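The values are calculated or read from the model by the stated rules, or taken from the named source; none is laboratory data. A quick note: this is a predicted structure, and the numbers were derived from the prediction, not measured. No Cβ is skipped: glycine too gets one built from the backbone with ideal geometry, and neighbour counts run over all protein chains shown.
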Amino acid sequence: MECWKDDKIYKSFKDTYKIVAFMMTVGMIYPNPKNIKLRITVILFVLLSTAPMCFIILVDIYNSFWRRDIFNIIRHSTIVGPFFGGLLKMFIMLYKTDTAKALMDEIDKDYQKFCKLPKNYTKIIDIRIADNIFYSEKCWVLTVVTCTMVFPGTAVVTTIYNCLFSDCQKVMIHEVAIPYIELETNYQTPVYEPMFVYQLYICAIFIVTFVGLDGFFGLCVNHACLKMELYCKAVEEALGGDDEVMMRNAVVEVIREQNRTARYTELIQETFNIWLGIILLATMIQIGTCMFKLIEGGDMDFKYIVFTIGIIIHIYLPCRYSAKLKDMSTDTATLIYCSGWEHVPSKTIRRMILFMIARAQIPTEITAINILIFDMNLFVRIMNSSYSMYTLLRS
């Protein structure tokens, strides 16, 4: 699906945001109702193929618990927690296929409409799409890839260094004691190489699940902000005309767009509210446990420093996007108020504008499990709670 006017082309979601769409497809997150059976089959395959590693880690956690090795438990939980979260995303999006598909269809319809807009609108659209591609797609992909691949990267570099300048001690991507196998055997052929490839496969699952759904959320919220910005611009232009009938028709169309935007934000809430609740709780715990491992463990491991920064970014971005939507929704009241409505001679049109302003004064909020409002205040509370978790572990 694509369209154009004066050589201006706006493509569909999957053609505009190719990286996120590709990762959603590979991660079985892309909301295509026609391939439900395929998605279920692949998800079951991923579960079965990763079950051995999960079992190995859980056994090591169990043994560490009896040894009271809290640092090893935290080290494992830091990895296995997000991995289970990635698998859970597949099930959530399988359950939310219809609402996620409605979000994507709305974006595609809007991009078709954008082709018919004049240049003063397309300039705004071009800037917002470029920002989406750079920040919500490319920068997010770079963040996820860096936080994930720092583990195999560190293992490869350390192993090469040891082989060149030391006793050739091999290093795993994630160090774990394999049950019923001597610890020294883990680093010998034929155990080490298959285990390294196996863990690399799990790293790939990390990347596709975290890039896909989290990137999709940011793009959906940013599109809602763009819709609000455009209908505010439409109000300003509509009230600048002289023909009362055309002015009224234009305002009515803006009201319809305001209603469509409200329904669109409700779809965002419906699609992502469970996922937001999960990452809220998970990141709050993980930041605290990672701080404990890094500070109290006496080993400022570079890869866990990078991973902790990634966790903070992971919860910061949804809070930032939601705060942006909340601010933009209330800013529309100011933008509409400053559109010059008081100079319009028609009382009917003035009353319509006043109702639009009144409605815009109610902020559009994204909540986790329909309870906690996602905004920057919540981000601060999460960081405070994470520090409380750290002090609790320390005591």
Query raised in the report: Given the structure, is V145 in a helix (DSSP H, G or I) and aliphatic (A, V, I, L, M)?
Result: yes
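For the stretch 339-353, check the following and say yes or no: at least one residue is within 30 Å of T158 (Cβ to Cβ), over 19 Å from the mean Cα position of the chain (by Cα) and polar (S, T, N, Q).
Taking the stretch 339-353 as the starting set, the residues that turn out to be within 30 Å of T158 (Cβ to Cβ) are none.
Looking for residues that are within 30 Å of T158 (Cβ to Cβ), over 19 Å from the mean Cα position of the chain (by Cα) and polar (S, T, N, Q), one finds none in the stretch 339-353, hence no.
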Report summary line: Pairs returned, first residue in the stretch 58-81 that is more than 26 Å from Y201 (Cβ to Cβ), second residue that is part of a helix (DSSP H, G or I) and of a type outside the set (D, E), beta-carbon separation under 7 angstrom, 6 or more apart or interchain, are F65/I73; F71/K293
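Would you pick out the residues in the stretch 313-353 that are farther than 30 Å from W275 by Cβ, among the hydroxyl-bearing types (S, T, Y) and touching a Cys at 6+ places or on another chain (Cβ under 8 Å)? Lay out the reasoning, then the answer.
Taking the stretch 313-353 as the starting set, the residues that turn out to be farther than 30 Å from W275 by Cβ are 334-353.
Filter again for among the hydroxyl-bearing types (S, T, Y), leaving 334, 337, 339, 346, 348.
Correct list: S339 only.
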**Report entry** helices (runs of 4 or more DSSP H) wholly inside the stretch 15-119 that include at least 1 residues being at positive phi and of a type in the set (A, V, I, L, M, F, W, C)
**Finding:** none
Query raised in the report: Right, M352: of a type outside the set (V, I, T), in contact with a Lys or Arg (Cβ under 9 Å, 6 or more places away or on another chain), farther than 21 Å from G86 by Cβ and surrounded by fewer than 16 Cβ atoms within 10 Å (Cβ to Cβ) or not?
Result: no
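So in the stretch 186-216, with the set limited to residues that are touching a helix residue (DSSP H, G or I) at 6+ places or on another chain (Cβ under 9 Å), in a helix (DSSP H, G or I) and more than 30 Å from M104 (Cβ to Cβ), which one is modelled with the lowest pLDDT? Lay out the reasoning, then the answer.
First, pick out the residues of the stretch 186-216 that are touching a helix residue (DSSP H, G or I) at 6+ places or on another chain (Cβ under 9 Å): 186, 191-192, 195-196, 198-216.
From the residues that got through so far, the ones that are in a helix (DSSP H, G or I) too are 186, 192, 195-196, 198-216.
Retained after the next criterion (residues that are more than 30 Å from M104 (Cβ to Cβ)): 186, 192, 195-196, 198-200.
On the way: N186: 78, Y192: 88, M195: 91, F196: 92, Y198: 94, Q199: 93, L200: 94.
The qualifying residue modelled with the lowest pLDDT is N186.
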Report task. Search the stretch 73-118 for residues being in contact with a Lys or Arg (Cβ under 8 Å, 6 or more places away or on another chain) and among the basic types (K, R), and hand back the single one that is surrounded by the fewest Cβ atoms within 10 Å (Cβ to Cβ). Result -> K116
Requested in this report: For residues that are in a loop (DSSP other than H, G, I, E, B) and acidic (D, E), tally how many sit in the stretch 172-185.
Outcome: 2
Query - The listed residue being surrounded by 20 or more Cβ atoms within 10 Å (Cβ to Cβ) and either within 25 Å of M228 (Cβ to Cβ) or among the charged types (D, E, K, R) (or both), out of M328, M376 - result: M328
Query raised in the report: With respect to the numbered conditions (1) closer than 21 Å to K123 by Cα; (2) crowded, with 20+ Cβ neighbours inside 10 Å; (3) of a type outside the set (A, V, I, L, M), which one is the sole condition not fulfilled by E236?
Result: (2)
Requested in this report: Would you confirm whether any residue within the stretch 153-166 is out of contact with any strand residue (DSSP E or B) (no Cβ under 9 Å at 6 or more places or on another chain), closer than 27 Å to L48 by Cβ, assigned to a helix (DSSP H, G or I) and among the aliphatic types (A, V, I, L, M)?
Outcome: yes
